[in-house]
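Asker: So that we are looking at the same thing, I have put the structure below in structure tokens.
The values are calculated or read from the model by the stated rules, or taken from the named source; none is laboratory data. Fair warning: this is a prediction, and the values are worked out from it, not measured in the lab. In this analysis, Cβ positions are derived from the backbone assuming ideal geometry, glycine residues included, and neighbour counts consider all displayed protein chains. To get the accessible areas, we keep the full protein, side chains included, count just its heavy atoms, and leave off ligands, DNA and RNA. Shrake-Rupley method; radii C 1.70, N 1.55, O 1.52, S 1.80 Å.
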Amino acid sequence: MITRLQGRTAVITGAASGIGLATARRLAAEGARVVCVDLDAENGAKAAAEVNGRFIQADVTDEEAVRAVYEEAVDAYGRLDIAFNNAGISPPDDDSILTTGLAAWRRVQEVNLTSVYLCCKYAIPHMRRHGKGSIINTASFVAVMGAATSQISYSASKGGVLAMSRELGVQFAREGIRVNALCPGPVNTPLLRELFAKDPERAARRLVHVPMGRFAEADEIAAAVAFLASDDASFITANTFLVDGGISGA
Ligand code: NAI
């Protein structure tokens with residue numbers, strides 16, 4: 001295994017499941033010390049134990065909790081190199097502009113977008129201290145194109161993540177802090193399986209648009225995160241990094 005992340009400290013939100021869990025495994029395999037953050041205490045602790053890292057149970061929408069996460073990571077490991085801001089929730093049922101209520105809309109913005117603002121706000125000062133860092137924010141392919149499946153609150157939240165990542169990437173480029181938006185296509189995780197269980201035809205509708213004719217596995221997304229986190233991506237910032245099986249190119 002490549003050890004390009006040896007000695008680096010990574011904080012991963014949403015590490016108990018799906019893309020976050022696969023990334024915890026991948027970054028640890030490449031030598032990073034990993035701090036797993038999640039609301040889900042049982043699976044979060046399991047993930048941390050598996051990668052020989054630390055688990056912090058936190059709600060990424062809680063400002064004080066997020067501040068404390070990065071403090072604890074730096075207290076434990078001395079520095080912060082990588083922040084993978086990835087925790088998120090799927091769209092509410094029938095997420096159309098005509099049906100989505102304000103409370104559901106606000107909840108999606110809070111978990112998918114405000115959380116990323118908070119994670120960046122409290123990660124960046126630690127990175128500035130040593131003049132280097134890589135932040136990867138999970139957006140989605142729906143941030144760059146219409147998805148043809150009603151998901152107005154979700155798409156808007158991911159568009160916000162994309163714009164914020166670009167803005168931060170430009171703002172901190174001369175301080176050695178790279179900020180990129182990761183835009184996965186559909187990935188075979190509990191989040192996607194739950195959506196398809198509610199609406200089985202959604203899977204077929206979605207698959208038609210994937211030139212590769214399949215959904216991604218979480219490991220394929222984790223490999224892209226590891227690249228963006230590493231010095232192999234040293235000239236890549238403020239970028240929209242699509243890992244989507246060709247959807248956005250079709
Ligand atoms: P998942 O449901 O498998 O994992 C999400 C994790 O985030 C869970 O462990 C959950 O407990 C945690 N989480 C949710 N709310 C939280 C909160 N308030 N505080 C702390 N932790 C919280 O989902 P998956 O598929 O791994 O998604 C990860 C990210 O990737 C999400 O931001 C999602 O929107 C995004 N994404 C997923 C795609 C897919 O097809 N699965 C496609 C494009 C983007």
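Asker: Of all residues in region 126-142, how many are within 14 Å of the ligand (Cβ to nearest atom) and either out of contact with any Lys or Arg (no Cβ under 8 Å at 6 or more places or on another chain) or under 21 Å from residue 39 (Cβ atoms) (or both)? Even if it seems obvious, please write down each step before you answer.
Answerer: As a first pass, look at region 126-142 and keep what is within 14 Å of the ligand (Cβ to nearest atom): 136-142.
If we keep only those that are either out of contact with any Lys or Arg (no Cβ under 8 Å at 6 or more places or on another chain) or under 21 Å from residue 39 (Cβ atoms) (or both) as well, we get 136-141.
Selection size over region 126-142: 6.
Asker: Would you please list the contacts, defined by Cβ atoms under 7 Å and residues six or more apart or on different chains, that run from a residue in region 178-190 that is charged (D, E, K, R) and more than 7 Å from the ligand (Cβ to nearest atom) to a residue that is modelled with pLDDT of 95 or more and in a loop (DSSP other than H, G, I, E, B)?
Answerer: Pairs that qualify, where the first residue is charged (D, E, K, R) and more than 7 Å from the ligand (Cβ to nearest atom) and the partner is modelled with pLDDT of 95 or more and in a loop (DSSP other than H, G, I, E, B), are 178/236; 178/237.
Asker: Right, here's the next one. Could you check, for region 5-17, whether at least one of its residues is hydroxyl-bearing (Ser, Thr, Tyr) and open to solvent by 40 Å² or more (accessible area, probe 1.4 Å)? Reasoning before the result, please.
Answerer: From region 5-17, those hydroxyl-bearing (Ser, Thr, Tyr) are 9, 13, 17; that's our starting set.
Add one more test, that the residue is open to solvent by 40 Å² or more (accessible area, probe 1.4 Å), and what stays is 17.
Yes, because at least one residue in region 5-17 is hydroxyl-bearing (Ser, Thr, Tyr) and open to solvent by 40 Å² or more (accessible area, probe 1.4 Å).
Asker: If you don't mind, there's one more thing I want to ask. Taking only pairs six or more apart or across chains, which ones have beta-carbon atoms under 9 Å, a first residue in region 10-38 that is in a helix (DSSP H, G or I), and a second residue that is modelled with pLDDT under 95?
Answerer: From residues that are in a helix (DSSP H, G or I), the pairs are 18/190; 18/191; 18/192; 19/191; 29/1; 29/2; 29/3.
Asker: Quick one: how many residues across region 52-83 are open to solvent by 20 Å² or more (accessible area, probe 1.4 Å) and part of a loop (DSSP other than H, G, I, E, B)?
Answerer: Restricting attention to region 52-83, the residues satisfying the condition of being open to solvent by 20 Å² or more (accessible area, probe 1.4 Å) are 52-55, 57, 59, 61-65, 67-68, 71-72, 74-79.
Next, from what is left, pick out any that are part of a loop (DSSP other than H, G, I, E, B): 52-53, 59, 61-62, 78-79.
Of the residues in that region, 7 qualify.
Asker: Assess whether residue 15 counts as being at pLDDT 95 or above and either within 15 Å of the ligand (Cβ to nearest atom) or in contact with a Phe, Trp or Tyr (Cβ under 6 Å, 6 or more places away or on another chain) (or both). Lay out the reasoning, then the answer.
Answerer: Numbers: at pLDDT 95 or above: yes; either within 15 Å of the ligand (Cβ to nearest atom) or in contact with a Phe, Trp or Tyr (Cβ under 6 Å, 6 or more places away or on another chain) (or both): yes.
In short, yes.
Asker: Any chance you could count how many residues in region 158-186 are part of a helix (DSSP H, G or I), closer than 22 Å to residue 222 by Cβ and among the small types (Gly, Ala, Ser)?
Answerer: Summing the residues that are part of a helix (DSSP H, G or I), closer than 22 Å to residue 222 by Cβ and among the small types (Gly, Ala, Ser) in region 158-186 gives 2.
Asker: Right, something else. So in region 39-49, with the set limited to residues that are in a helix (DSSP H, G or I) and over 18 Å from residue 81 (Cβ atoms), which one is farthest from the ligand (Cβ to nearest atom)? I'd like the intermediate steps shown before the answer.
Answerer: First, the residues of region 39-49 that are in a helix (DSSP H, G or I): 41-49.
This time we only want the ones that are over 18 Å from residue 81 (Cβ atoms), so: 41-47, 49.
On the way: 41: 10, 42: 10, 43: 7, 44: 7, 45: 12, 46: 11, 47: 9, 49: 15 Å.
Residue satisfying both the conditions and the ranking: 49.
Asker: Among the residues of region 28-46, which ones are touching a Leu at 6+ places or on another chain (Cβ under 6 Å) and surrounded by 24 or more Cβ atoms within 10 Å (Cβ to Cβ)?
Answerer: Within region 28-46, the first condition is being touching a Leu at 6+ places or on another chain (Cβ under 6 Å), and the residues that meet it are 30-32, 34.
Matches in region 28-46: 32, 34.
Asker: While we're on this one: Filtering region 200-235 down to residues that are farther than 21 Å from residue 90 by Cα and part of a loop (DSSP other than H, G, I, E, B), which residue is nearest to the ligand (Cβ to nearest atom)? Quick ask: steps written out before the conclusion?
Answerer: If we filter region 200-235 for residues that are farther than 21 Å from residue 90 by Cα, which is where we start, we get 211-213, 223-224, 226-235.
Right, trim to part of a loop (DSSP other than H, G, I, E, B) and you get 211-213, 230, 234-235.
Numbers: 211: 16, 212: 14, 213: 16, 230: 20, 234: 25, 235: 25 Å.
Applying the filter and picking the extreme gives 212.
Asker: Still on this model: Enumerate the pairs (first residue in region 220-237 and free of Cβ contacts under 8 Å to residues at least 12 places away in the same chain; second residue anywhere and in a helix (DSSP H, G or I)) with beta-carbon separation below 6 Å, excluding pairs fewer than 6 apart on the same chain, so at least 6 apart or on different chains.
Answerer: 227/233
Asker: For residue 54, which of the numbered conditions (1) farther than 23 Å from residue 132 by Cβ; (2) free of Cβ contacts under 8 Å to residues at least 60 places away in the same chain fails to hold?
Answerer: (1)
Asker: Please pick out the residue among 123, 163, 197, 173 that is open to solvent by 10 Å² or more (accessible area, probe 1.4 Å), touching a residue at least 40 places away in the same chain (Cβ under 8 Å) and more than 9 Å from the ligand (Cβ to nearest atom). Explain how you work it out, then say what you get.
Answerer: Numbers: 123 fails: open to solvent by 10 Å² or more (accessible area, probe 1.4 Å); 163 fails: touching a residue at least 40 places away in the same chain (Cβ under 8 Å); 197 fails: touching a residue at least 40 places away in the same chain (Cβ under 8 Å).
Criteria check complete, one pass: 173.
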